[in-house]
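Read-outs: derived from the displayed coordinates by stated rules, not from any lab. The shown structure was predicted, so the numbers you read here are calculated from the model rather than taken from an experiment. When we count neighbours, we look across all protein chains shown, and the Cβ atoms used for this are built from the backbone with ideal geometry, even at glycine.
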Amino acid sequence: MSIITLQLGQCGNQVGGQFFSTITDDISARTTGVSPKENKQYIDKSLETFFTQSEAPDSRDGSPSLPKARAVLVDMETKAINQTMLQAKKSGKWVYAANQGFSQKRGSGNNWANGFCIHGPNSQDHVMNLVRREVEKCDRLGGFMSLLSLAGGTGSGVGAFITQSLRDEYPHSFILNQVVWPYNTGEVIVQNYNAILTLSHLHDTADALIVMENDSLHKICAQLLNIKNISFADINHVIAHKLASVLQPCQAKEGTSHTACDLGFLLERLVPHPQYKLLTVKNIPQMSDVAKEFSVYQWPGLMRNLRQMLISDAPMEEGINWNIRPVAFRTESGHNCFNRSLSTLLVLRGRDISGVSTDMFNDPAIYAPWVSSDLSFCVAHQPRLFCEYEQAAALVSNSQASVRPLDRILSKAWTMFSSRAYVHQYLRHGLSEEDFLDSFISLEKVVASYNNL
Amino acid sequence: MLCKILDENKVSFIRAETLRQAKFDKCSAAKSVGQLLFDVVCLCESDNKNQDLEFLKFMVPNENQMIFIKTKLQGWGYLSNSFASLPNDFSTGSREFLLALGWVIYQQNFIDKIIKRRPRPLHQDLVKFSRKKPDALRSSEELTNSNCDNHLCLKERIQYHMMLTGKLRMSLRRLYSSYQQLTNLTNTIHQTTEGVHLQLGLSHLTPLEVHVLRYPSSLKKMLQELEKDNLELAHLLEWKQKENVFWEWMGSVLSAHIEDQSQSRASSAASCYGNALPEPTVYLPVPEDLGQQVKSARDHLRDVILRHEDEMSRVEQIVQGKKISTVETEVHKMHMDKELFEVTLQLRSCGIGEEKSLHESCNSEGTKESAASERISTTSSSFSGGNKEFMSPYAARAVRQEALMIAVNKEISTLKEKVEKLQTDLQRMQLQNMQEVQSLINMDKNVICIQPRSLKHFYE
């Protein structure tokens, strides 16, 4: 059971590098909270999922060779890939396999059409070869995870194209896309176009999209982690933390039997409905390393906070609006007064998890009325500590949370499009105005179906 | 002995004592012997059709077990009235069951089938070996639980079903990838153990063998299984040797049955003589109203024959008539030909005659017509002359029509002349009157006369 990571674009590569080092950090953590044997199992499983390990020892000093990430690095510029590979080598815990990167001389210039229509087809054969090489190393292909941002040109354009090729090549595999939502205020003027085009294409091809909003990540960095000058590295750290907390090995309880909560299981539970594919991840607790030692949490309190975070769609446990209640009442426009979900998956890691009551997530009021309780909620356990947190809970939800930013981006892009601003840049690379309109329509449909939840 | 084999091979559990009771037709044994018979029949059936035994047993509900047995037995050719007339609730008739059981065991080669079905512990799947107990499927009660949302509206139900479909699709994909992994790993084992083999016909070790080699503790379990298997096989062998004992015993059961039957028949003949005959046995797999059906079918057939009898006889007559007239038709044909020939000849001559007369009449008509037209107008001289002689009736009619038209035109023109003459008369008289009025006005100076406008032009 292995997951192959595709790092697309500058953002994707940086997030990917951070993701793998978070996992190795977690693996090599000093306090585990479980017996050495269980810890060994956990480490083996995790390594098998994200890394390849060759049996042969390193030729120079005889020590076992470093695990190699199951990853394919794609960018149109060499800078980000080289930097990421170098950082990995410097960590001394893991490396990227040689020749698993693909880059070209010229970037996509923040133009989605350039990435999708020009760079994508040009690099398709090469990238798919790299992917095939990774797939052949797996005993069992658990799925693909693509990391990309919505704003840029390479990540979004080439990413959308590569995801399509993946779907064509591996029709039975699971494809999870983690997309980084650009800042509201935006670094790139055409980010809304890029985001719209990417999202609509990914919504057609991928199985699920994990949405990470730069704005809320920024808030987490500022308020919970107390970072003064927030850099992208800090934000990537939070993203990696969120992803790892979900994807690290754990056991899900289903009926009477336990099943491994692998990527396939995750998607099966969370995105069974083809019209609802947007996922959000909420973590609790999150704090800086300094604060970790002095903080004590109790499970019931954490669960209560997490539930309110889900209902009120708060990115973190501070500043939750406690006034929002799950009521059946809807506003006149048909909107819900709270964040209604289709399905959720709760991952609990740490001490005393067997006694945690998760009944408050089983409340049918917070889910769509037509979802039966056995489909809506699922809980997974892992007694081993995660990144030395005594307790850690991650809640993945398929809910209305991502609709608001999507709606905002849609309206902004539409305003720009109605005056045809910058559209000629895209038409130059072979995109037509119909493609824009199709994307608008398909995303409006997504928004509408989430609003009707 | 038989009981042991049956139990070991997971067919059914029964005690020899019960069979013994069944020999003496004890009602208490009926239930268990009936159950045994059902199990045996199920096994044979599943073997015949290559179906899963559990599935077959599951498919047949409890109350239908007896019907199932009877249907199958009669299908195989066990036609015993007394067996068929047994009640469906396994309450009585243990000896009948026993006899039927003996028949099935012999007729369907039951023991051979058992031997064929036996699992071979050396070749079994690793998964089956390593797993203690297969996970029980979710109980049906749990399944119905999740299905209790009938209060949803249509749209929501569609959404729900879409969701279930999606989930199913995902599960299938997961299953597919797991299967791929299994294949992959098995292949790896086969490749790495190339050259070492424990079984004939294979050049590598099976996953099970590798598992046993890797974990020696499982050897003990393997040994147990093999010993058990050995014992069971020994029992089967023993059965083959001592089979005749069973059949002898079965023979005694049969003779007891026959004895009983003759006794009961004698007694019933003695007691029920003069009474109504005993109820006819119900022959279960056959529909209850079979007699009626047969009767109605026969009636129907008779009706059809009767209805068509007339037609058939008529057809026969016609055929006979045809046969007789074949000679006559030749004669008739000749007669007909002759007549036809004469008629044509006549016709030909007639035709010539008619042509002549037609010409004459046409001519006369033409002349008459032309005379008439000449009488009406002297100007219409278009058809006077040579062509008057050869005029077809159509032309004649056309001429007549033309003449009529000319006459009408002539009439119209005369009428028009008359009108014109009258108008001029009128004008003349008006003028005269005007003049008279003028003279009158002139005579009297006191009168001022204003002429009507319509008459103004007279003064100009």
Quick one: of A:Lys242/A:Lys412; A:Lys242/A:Lys277; A:Lys219/A:Lys242; A:Lys68/A:Lys93; A:Lys45/A:Lys93, which pairs are farther than 20 Å apart, Cα to Cα?
A:Lys242/A:Lys412
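Please label the shape of the range B:170-228 as rounded, prolate or oblate, based on the square roots a ≥ b ≥ c of the eigenvalues of the alpha-carbon gyration tensor (a/c under 1.5 means rounded; beyond that, a/b larger than b/c means prolate, else oblate).
Details: a/c = 2.66, a/b = 1.48, b/c = 1.80.
Oblate shape, in that a/c is at least 1.5 and b/c is the bigger or equal ratio.
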Expected unfolding gain across B:Leu404-B:Glu248 under the 0.36 nm per residue rule, minus the alpha-carbon gap, is 43.6 nm
Long-range amide H partners of A:Tyr367 with built H, under 5 Å
A:Ser341
Which helices of chain A meet both criteria: a Cα extent of 24 Å or more along the helical axis and a mean Kyte-Doolittle score no lower than 1.6, with helices taken as whole DSSP H segments?
none
What residues qualify as long-range amide H neighbours of A:Ala380, i.e. H under 5 Å apart, gap of 5 or more or another chain, H built at 1.01 Å from N?
A:Leu346, A:Val347, A:Leu348
Across the range B:434-440, in residue order, what do the Karplus-derived ³J(HN,Hα) couplings come to in whole Hz, using 6.51 cos²θ - 1.76 cosθ + 1.60 with θ = phi - 60° and x for Gly and Pro?
4, 4, 4, 4, 4, 4, 4
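Pick out, in residue order, every one of the GluC sites (Glu not before Pro) in the range A:224-311 that is DSSP loop and has at most 13 other C-beta atoms within 10 Å; say none if there are none. All intermediate terms of the calculation are to be shown ahead of the outcome.
Details: sites: A:Glu254, A:Glu268, A:Glu293; in loops: A:Glu293.
Passing both the DSSP loop test and the Cβ count: A:Glu293.
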Could you check the spin-label model distance between A:Asp407 and B:Met312? Points 7 Å from the Cα along Cα→Cβ, value in nm.
8.5 nm
Consider just the alpha-carbon atoms of the range A:18-169 and return their Rg together with their Dmax, both in angstrom.
17.2, 53
Charged-residue dipole, Cβ positions (Lys, Arg, Asp, Glu), the range B:170-228 about Cα centre, Debye nearest 20
300 debye
Mind listing the long-range amide H neighbours of A:Ile175? Cut-off is under 5 Å, sequence gap 5 or more, other chains count too, H placed in the peptide plane at 1.01 Å from N.
A:Phe144, A:Asp207, A:Ala208
Model label zone, B:Asn184; criterion: amide N under 15 Å from point 7 Å along Cα-to-beta-carbon; scope the range A:203-223:
none
Fraction of antiparallel bridges per DSSP, chain A only, in percent to nearest 5
40 percent
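Under the rule that an exposed site lies in a DSSP loop and has at most 12 other Cβ atoms within 10 Å, name the longest stretch of chain A with no trypsin sites (Lys or Arg not before Pro) of that kind, not counting the sites themselves.
A:229-419
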Between A:Asp359 and B:His197, with labels modelled 7 Å along Cα→Cβ, what's the label distance in nm to one decimal, could you check?
6.2 nm
Which three lengths, in whole Å and largest first, does the range A:313-453 cover when its Cα atoms are put on their principal axes?
59, 40, 30
Just grab the label-to-label distance for B:Lys240 and B:Glu328, each label 7 Å out from Cα along the Cβ direction, in nm (one decimal).
8.6 nm
log10 I(q)/I(0), Debye, Cα-only the range A:2-58, no solvent, q = 0.30 Å⁻¹?
-1.19
Let me test this: with uniform point scatterers at the alpha carbons of chain A, what is the Debye-based log₁₀ I(q)/I(0) at q = 0.06, 0.07 1/Å?
-0.24, -0.33
